[in-house]
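In what follows, a single structure is set out as structure tokens and then discussed.
The values are calculated or read from the model by the stated rules, or taken from the named source; none is laboratory data. Since the model is a prediction, treat every value here as computed from it, not as a measurement. Glycine also receives a Cβ, built like all others from the backbone with ideal geometry; neighbour counts cover every protein chain displayed. Ligands, DNA and RNA are excluded from the accessible area calculation, which covers all protein heavy atoms including side chains. Shrake-Rupley method; radii C 1.70, N 1.55, O 1.52, S 1.80 Å.
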Amino acid sequence: DGFVVSNRNRGLTQEMLTVLSQSTMPLMNSLFGTAPVEEAEAQAIGARTLTKTAMETLGEVCNTLDETRVHFIRALKPNVGGVPDLLEPAWVIRQLRYSNLVSTVSMMN
């Protein structure tokens with residue numbers, strides 16, 4: 001439901017609506033009717049362009065990102081073989097170095 005609403009193209013011009021309403025295709029007639037669209041109705045539909053909608057949506061996404069806090073989870077394997085109750089410190093340190101986890105945590109703080 002939200003996807004359809006946010007992706008609906010409301011930027012049809014008067015000319016486009018007139019052409020669509022005059023179509024001989026049954027599908028177009030069912031969607032747009034056979035009578036020409038009034039100028040006021042076309043302006044109301046065209047007032048909210050796709051670009052304007054995209055800019056508003058982008059602004060909402062940016063606001064949401066500004067309000068969130070970053071949480072980072074990285075699972076490390078305690079040993080190469082997956083043996084229970086065995087910690088190989090050199091293996092853990094190697095994973096930390098190769099994943100740049102130390103740098104990532106430093107940048108987050």
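Here are the numbers:
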quantity	calculated
Residue ID - surrounded by the most Cβ atoms within 10 Å (Cβ to Cβ), chosen from residues in segment 55-96 that are among the charged types (D, E, K, R) and in a loop (DSSP other than H, G, I, E, B)	Glu88
Any hit, segment 41-50, residues being charged (D, E, K, R) and modelled with pLDDT under 90	yes
Residue selected from segment 10-39 under the condition modelled with pLDDT under 75 and more than 32 Å from the chain's Cα centre (by Cα), by the criterion surrounded by the most Cβ atoms within 10 Å (Cβ to Cβ)	Val37
Qualifying position, being at pLDDT below 70 and open to solvent by less than 70 Å² (accessible area, probe 1.4 Å), among Ser99, Ser6	Ser6
